[in-house]
Each structure stands twice: as structure tokens, then as C-alpha cells.
Amino acid sequence: ARLDITQNGRVNASAAGAVGKIWKDQQELGGCGAGSPRAGTAAIWGSRDIDGDGCVDVADIQGVLAYWGTRTSPLREGAVSSLLAFTVDSSGDESDSNPGDGLCQTAANTCTLRAAIQDANARPGPETISFDIRNPGGACPNLVTIQSASAFVIDDGRNDGLTIDGYTQCGASPNTLPVGGNAVLKIEVQGPAATSVYGVEIYSGNNVLRGLALYNWYRNIDLIGYSANNNLITGTLPPSWSSMTQ
């Protein structure tokens, strides 16, 4: 199961690609030998170091490919389901209790962004993720910060498509000006400021990401592999624009 790096219920090309891109990044940043900026890869990239030797290299990619096609969760293929909508109601980062069951539900009975993406990856059919995160008592917060130390991975092997819409959070709105901008963003996804952690990794196609602010990631958004096509990323601020009103 640990070889299912993209958490879509199977060991596939995306899992191998996830390891390969870290291998490439590591080499560009000085390798992983003693004294290099990336020495001790196991502590930096965690699950990408398959054989646990402290370095991400071709042996780790081969370790994934040896299990190509292996299922890591109950088979949920079946007929393509109709559009399913998830509503994120928590700024936490907990995982989904049962990915693929059509419910965004953590052990704490909340729906987090991570849980919604995990369930979308593991079920057939398209999904939308909206936001309704409130203060105690129901008031709309001025800003919602979702903090994480690991990437949010979008990988639907069927390419059914996932839409994540930050503009659905109360108080948020897209730009309406032909010149300049008046968009208001209320959902920010904040990384750990480590130079090796990615924000959103997209391995599949037909996805939409809009109305979010992502920052403090090594790469805020990364599209990887031959399946990551026909994706739309709009209204998503780079780190230098981390102010929520632009």
C-alpha cells in the first residue's frame, strides 16, 4: 500500500512518476550524497524513498514498477457515477476514513480538503469540491488557512475530472474587471516553507482548480505525467500575491 503514492487505490504510472520527479529535483539540487543540500532524502521526501536508503534514485522507481497494476484498496470501478459534490467544512488536514465510498468524512466526522480529494481519487465519476468553513456560531471568517506538511495529490486514473472551487467560500468572489483585478480569495493553502515540499500535485486530466491562494510550497502546483492534460487553473495566486484581496 505504501507504493500507492498518489493514493488513488492502485500502483500505476503516476506513482512511478511521483518518485521520478523527486529523483530529478534531487539531482538538480545537488544530489543526496554526504554534504549535499538534499542529504538524507528519507527525512525530506518520506514515502518517495522506497528502499529506505536515504536517497531517491532509479532503484526506487524500479521498486514501484515491480508492483505496477496492484490494487491497494477495495475495487470501486463499476459504472461511471454521476457528478458528486463534497463540501469542505473544516480547515484541518485529516485524511478520509474510507476513500472511495462517496463520503467526505474523517475520523472526527468532518470534511477536510485532503479527505475530499482522497475520496474523489478513489471513486468513479466526476466530483466538485466547494467550501463552507465557518467560525463557531456560524459567522463567516475573514480568512481560512489550511496548513499542511505534505502535498495534496489529485490522481483519478479514469480522468473523470475534479473541480476545486475556492470561490464558494463565504465572502469570496472572482475577478470581474477586464483590466486589473478585484477578486477576493478566502481560502489559503499554506505549506511548511520547506524547500522540498510540493503543494498540489496533479497527475490526471480534466481537473479545475480555482479561487485558492497557495504559498510556502517548493512548487505551488505541479502537473506531472502524460495524463495531466486538459486541466484549468484559474484565479489561484502565486506566493508573492498572498494577500487575500487582489
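The values are calculated or read from the model by the stated rules, or taken from the named source; none is laboratory data. All values reported here derive from a predicted model rather than from experimental measurement. Positions of Cβ are backbone-derived with ideal geometry, glycine not excepted, and every protein chain shown enters the neighbour counts. Side chains are part of the model used for accessible areas, which takes the heavy atoms of the whole protein and leaves out ligands, DNA and RNA. Shrake-Rupley method; radii C 1.70, N 1.55, O 1.52, S 1.80 Å.
Among 141, 174, 178, which is the only one that is farther than 27 Å from residue 5 by Cβ, free of Cβ contacts under 8 Å to residues at least 12 places away in the same chain and over 15 Å from the mean Cα position of the chain (by Cα)? Walk me through how you get there before you give the answer.
Values: 141 fails: free of Cβ contacts under 8 Å to residues at least 12 places away in the same chain; 174 fails: free of Cβ contacts under 8 Å to residues at least 12 places away in the same chain.
Going through 141, 174, 178 in turn, just one is farther than 27 Å from residue 5 by Cβ, free of Cβ contacts under 8 Å to residues at least 12 places away in the same chain and over 15 Å from the mean Cα position of the chain (by Cα): 178.
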**Item:** Residues of the range 55-73 that turn out to be among the hydrophobic types (A, V, I, L, M, F, W, C) and open to solvent by less than 40 Å² (accessible area, probe 1.4 Å), as a count
**Value:** 4
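How many of the residues in the range 127-145 are touching a strand residue (DSSP E or B) at 6+ places or on another chain (Cβ under 8 Å) and either buried (at least 21 other Cβ atoms within 10 Å of the Cβ) or among the charged types (D, E, K, R) (or both)?
Pass one, the range 127-145, residues touching a strand residue (DSSP E or B) at 6+ places or on another chain (Cβ under 8 Å): 127-133, 143-145.
Now drop any that are not either buried (at least 21 other Cβ atoms within 10 Å of the Cβ) or among the charged types (D, E, K, R) (or both), which leaves 127, 129, 131-133, 144.
Qualifying residue count for the region: 6.
Take residue 227 and tell me if it is part of a loop (DSSP other than H, G, I, E, B), open to solvent by less than 60 Å² (accessible area, probe 1.4 Å), in contact with a helix residue (DSSP H, G or I) (Cβ under 8 Å, 6 or more places away or on another chain) and at pLDDT 90 or above. Step through it out loud before you land on a result.
Working: part of a loop (DSSP other than H, G, I, E, B): yes; open to solvent by less than 60 Å² (accessible area, probe 1.4 Å): yes; in contact with a helix residue (DSSP H, G or I) (Cβ under 8 Å, 6 or more places away or on another chain): yes; at pLDDT 90 or above: no.
So residue 227 fails the test.
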**Prompt:** Are there any pairs, at least 6 apart or on different chains, whose C-beta atoms fall under 9 Å, with the first in the range 40-54 and on the phi > 0 side of the Ramachandran plot and open to solvent by less than 20 Å² (accessible area, probe 1.4 Å) and the second assigned to a loop (DSSP other than H, G, I, E, B) and modelled with pLDDT under 75, and if so, which?
**Reply:** 54/32; 54/39; 54/40
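Hey, can you tell me all the residues within the range 111-128 that are touching an Asp or Glu at 6+ places or on another chain (Cβ under 7 Å) and at pLDDT 95 or above? Full working, then the answer.
Going residue by residue through the range 111-128, those that are touching an Asp or Glu at 6+ places or on another chain (Cβ under 7 Å) are 111-112, 114-115, 118-121, 124-126, 128.
Listed by number, the residues that qualify are 111, 112, 114, 115, 128.
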**Request:** Output the residues belonging to the range 146-165 that are closer than 18 Å to residue 110 by Cα and surrounded by 14 or more Cβ atoms within 10 Å (Cβ to Cβ).
**Result:** 146, 148, 152, 164
**Item:** Whichever residue in the range 168-216 is open to solvent by less than 30 Å² (accessible area, probe 1.4 Å) and among the aromatic types (Phe, Trp, Tyr) and, among such residues, is modelled with the highest pLDDT
**Value:** 203
**Fill in**
The lone condition residue 70 fails out of (1) over 24 Å from residue 15 (Cα atoms); (2) over 21 Å from the mean Cα position of the chain (by Cα) is (1)
**Asked** Out of the range 189-224, which residues are among the small types (Gly, Ala, Ser) and not in a loop (DSSP other than H, G, I, E, B)?
**Response** 213
